Amino acid sequence: MFMPLNPTAAPAGRGQSQAIDLVRKIDRIDGHWQPRVVAEMNDYQFKVVKVKGDFPWHVHADTDETFVVLEGELKIATRAGGGEGGERVIVLRAGQMAVVPRGVEHQPSADAEVKMLLIEPQGVVNTGDGAPGARTVANDQWI
């Protein structure tokens, strides 16, 4: 199990009933591909993250995943299950979002740093359903 060096407990209000400056929160994150929770709604978490380079191909069999780009340009390569439909790339720029449906293998990447918001159910492993890897981070790390 991957544990954060300095875990931050969820605030009492879970980020509700307040303004949250997403970019300012992201600027507090050291490194890339280190998502941090900023709020919860029902069983969903809102996570901010800085990304650069390629993330491993992965799949979430049981949930959709939402990407909202705040700054920069994100590419999300997708592959349809079973080899049907081939590979395609979604390009997102600041102010744009995309939902990757459950069961669709995908690989986010960014040539330059991107700041974004992820929306996904609590407990989703960032590297998907496979074995943990070098980019797998512990869940429920708040900032």
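Remarks
- The criterion of at least 1 residues that are among the hydroxyl-bearing types (Ser, Thr, Tyr) and at positive phi is met by none of the strands (runs of 3 or more DSSP E) falling completely within the stretch 81-143.
- Some residue of the stretch 50-64 being surrounded by 15 or more Cβ atoms within 10 Å (Cβ to Cβ), among the aromatic types (Phe, Trp, Tyr) and not in a loop (DSSP other than H, G, I, E, B): no
Residue-by-condition table, conditions (1) in contact with a strand residue (DSSP E or B) (Cβ under 6 Å, 6 or more places away or on another chain); (2) among the small types (Gly, Ala, Ser):
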| site | (1), (2) |
| --- | --- |
| PRO101 | no, no |
| GLU120 | yes, no |
| GLY128 | yes, yes |
| ARG135 | no, no |
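- Residue, farthest from LYS25 (Cα to Cα), within the stretch 36-90, restricted to residues that are of a type in the set (S, T, N, Q) and in contact (Cβ under 8 Å) with a residue 24 or more places away in the chain: THR78
- Here the stretch 19-33 is the region considered, the condition is being free of Cβ contacts under 8 Å to residues at least 60 places away in the same chain and in a loop (DSSP other than H, G, I, E, B), and the residue that is farthest from the chain's Cα centre (by Cα) is ALA19.
- Matching entry among VAL59, VAL91, VAL100, VAL37 (being among the β-branched types (Val, Ile, Thr), at pLDDT 95 or above and farther than 19 Å from ARG135 by Cβ): VAL91
- When residues of the stretch 102-117 are limited to those that are without any contact (Cβ under 8 Å) to a residue 60 or more places away in the chain and surrounded by 13 or more Cβ atoms within 10 Å (Cβ to Cβ), the one farthest from THR127 (Cα to Cα): ALA110
The values are calculated or read from the model by the stated rules, or taken from the named source; none is laboratory data. All values reported here derive from a predicted model rather than from experimental measurement. Glycine gets a Cβ as well: all are built from the backbone with ideal geometry, and neighbour counts include every protein chain shown.
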